[in-house]
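The values are calculated or read from the model by the stated rules, or taken from the named source; none is laboratory data. Fair warning: this is a prediction, and the values are worked out from it, not measured in the lab. Here the Cβ positions follow ideal geometry from the backbone for every residue, glycine too, while neighbour counts run over all protein chains shown.
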Amino acid sequence: MPVIQTLLPRDPVARALTFSTMAFAASTGIFYTVSVLYFTRVVGLSAATVGLGLGIAGGAGVLGSYLAGRWSDRRGAHRVQVWGLVAQALALAAYSFTSDVVSFTAVAVVVSAGRGVQSTARQALLARWFTGPERVDVRARLRVVTNVLIGLGTLAAAVALLIDTAAAYRTAMVATALLLLGAVVPLVTLPRRVPGLAARMLADAPSSPSPSPSPSPSDAGEDGAGAAADAPHPLRDRTYVASVVLNAVVAMQFGVMTVGVPLWVASTDAPTAVVSALLVVNTAVVALLQVRASRGTHDVRGAGRAVRRGALLLAVACVLYAAAGHGSLVAATALLVLAAVAHSLGEVLSEAGGWGMAFELADPRRAGAYQGLSQTGYALAGMAAPVVVTALPIQFGTPGWLALGAIFVVAGAGAALVASRAADAADAQPVQEAAHLGS
């Protein structure tokens with residue numbers, strides 16, 4: 001039943017998002033597997049050029065993440081998500097016609113911007129359609145689907161790697177574009193199947209009540225008109241900005257697994273093939289425990305505690321990674337596996353807590369703008385993570401790992417403190433209002 005609920009949810013919006021996510025994640029798995037080889041062997045670009053182009057594109061992804069929040073409030077999150085997916089699909093197809101660094105970089109910018117737009121719009125749709133425990137539960141299930149389908153996409157891309165011809169790589173790249181177009185279909189047909197969806201996605205439409213400590217849309221009047229205009233801009237919400245910054249710091253852990261671990265394993269006595277095993281461990285833990293880890297994170301205090309616990313586990317993982325650099329082949333391998341388990345547990349907890357804080361601390365009258373700021377934080381973390389990981393653990397070894405672990409601990413503790421104070425302020429507000437009415 002939990003598997004069926006994840007793959008075939010009853011809610012029509014959750015089901016559409018699930019089907020769309022399946023196609024998107026499979027496309028992502030294929031792209032990550034073959035793209036670098038395609039760019040270097042088929043297009044003929046150097047690895048340094050590819051890295052520079054993708055770095056520039058990362059900036060476009062940050063901008064797209066931020067702007068999509070405002071667009072989602074004005075045009076509807078479901079529409080903006082479709083725009084982001086279509087832009088990515090067309091750009092991925094255009095990779096087949098790139099022949100130099102300029103065209104490659106231009107296409108990469110569109111792909112990254114579209115991905116940022118799509119990511120923010122999905123968060124805004126979740127924020128507007130679902131409430132309370134259901135919201136983080138759906139988000140957790142979508143992450144499980146994402147991880148599993150990325151893995152399946154990676155396996156499918158292995159065919160292109162085995163054939164190892166230009167035609168095989170081009171075919172794989174075209175497949176990524178077609179899968180993304182497939183991801184559009186469930187979302188395009190959604191407004192016809194769900195009456196009232198389009199209206200509910202707009203900032204000046206009344207939203208369903210939320211257990212969030214944030215102001216209710218009803219504060220702007222029964223019809224919700226003018227609610228967005230009266231709501232504060234997320235950049236002026238110091239509590240939310242602090243939450244975004246601290247959770248972004250913790251989110252740099254993704255760079256540890258994708259960049260730091262492969263480079264670090266190569267410097268230990270463990271075989272390099274263990275990197276694949278560690279990624280399998282990570283995928284398995286996320287698939288099995290992400291939904292369970294999200295329980296209770298619809299409560300702001302619970303979300304903050306989850307981030308803090310996750311950050312502590314990430315710090316434990318950093319210590320184990322460091323210790324692996326001083327062991328024999330067997331010891332190093334065992335320590336790396338233990339580190340991957342701790343890292344994965346920290347990941348599912350910190351992610352669940354981060355979603356809870358992003359949803360529950362946001363003013364629902366500007367759901368898109370708030371989720372846009374949250375996704376911008378994650379995008380910036382993705383850009384900074386490779387630099388931080390290579391500058392600390394890879395450059396300085398054990399001291400660098402310990403420093404990175406300390407950073408995670410401080411950020412996690414800070415996120416828990418922000419969440420606790422926000423919850424205290426929300427609890428005190430009804431008391432203050434009652435005292436004011438009594439006087």
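Only one of these is more than 17 Å from the chain's Cα centre (by Cα), at pLDDT 90 or above and farther than 26 Å from G304 by Cβ: T98, T105. Name it.
Working: T98 fails: at pLDDT 90 or above.
From the options T98, T105, the qualifying one is T105.
So T18 clears everything in (1) free of Cβ contacts under 8 Å to residues at least 12 places away in the same chain; (2) within 21 Å of V291 (Cβ to Cβ); (3) part of a helix (DSSP H, G or I) except one condition, right? Which one?
Of (1) free of Cβ contacts under 8 Å to residues at least 12 places away in the same chain; (2) within 21 Å of V291 (Cβ to Cβ); (3) part of a helix (DSSP H, G or I), only one is false for T18: (1).
Before we move on, is D73 farther than 28 Å from A156 by Cα, in contact with a helix residue (DSSP H, G or I) (Cβ under 9 Å, 6 or more places away or on another chain) and in the same structural domain as L142 (by TED's automatic domain parsing)? I'd like the intermediate steps shown before the answer.
Numbers: farther than 28 Å from A156 by Cα: yes; in contact with a helix residue (DSSP H, G or I) (Cβ under 9 Å, 6 or more places away or on another chain): yes; in the same structural domain as L142 (by TED's automatic domain parsing): yes.
It is true that D73 is farther than 28 Å from A156 by Cα, in contact with a helix residue (DSSP H, G or I) (Cβ under 9 Å, 6 or more places away or on another chain) and in the same structural domain as L142 (by TED's automatic domain parsing).
Being surrounded by 15 or more Cβ atoms within 10 Å (Cβ to Cβ) and among the small types (G, A, S) is the filter; apply it to segment 250-276 and report the residue that is nearest to I150 (Cα to Cα).
Checking each candidate, the answer is G255.
Which pairs have Cβ atoms under 9 Å, sit 6 or more apart or on different chains, and link a residue in segment 145-169 that is free of Cβ contacts under 8 Å to residues at least 24 places away in the same chain to one that is basic (K, R)?
Once the first residue is free of Cβ contacts under 8 Å to residues at least 24 places away in the same chain and sits in segment 145-169, its partners that are basic (K, R) give D164/R41.
Being under 20 Å from the mean Cα position of the chain (by Cα) and on the phi < 0 side of the Ramachandran plot is the requirement here; does A362 meet it? Outline the logic, then answer.
Details: under 20 Å from the mean Cα position of the chain (by Cα): yes; on the phi < 0 side of the Ramachandran plot: yes.
The answer is yes for A362.
Taking V280, is it surrounded by 18 or more Cβ atoms within 10 Å (Cβ to Cβ), assigned to a helix (DSSP H, G or I) and aliphatic (A, V, I, L, M)?
no
Going through T333, T376 one at a time, which residue ends up being of a type in the set (S, T, Y), over 29 Å from S420 (Cα atoms), in the same structural domain as D424 (by TED's automatic domain parsing) and part of a helix (DSSP H, G or I)?
On the way: T376 fails: over 29 Å from S420 (Cα atoms).
That would be T333, the only listed residue that is of a type in the set (S, T, Y), over 29 Å from S420 (Cα atoms), in the same structural domain as D424 (by TED's automatic domain parsing) and part of a helix (DSSP H, G or I).
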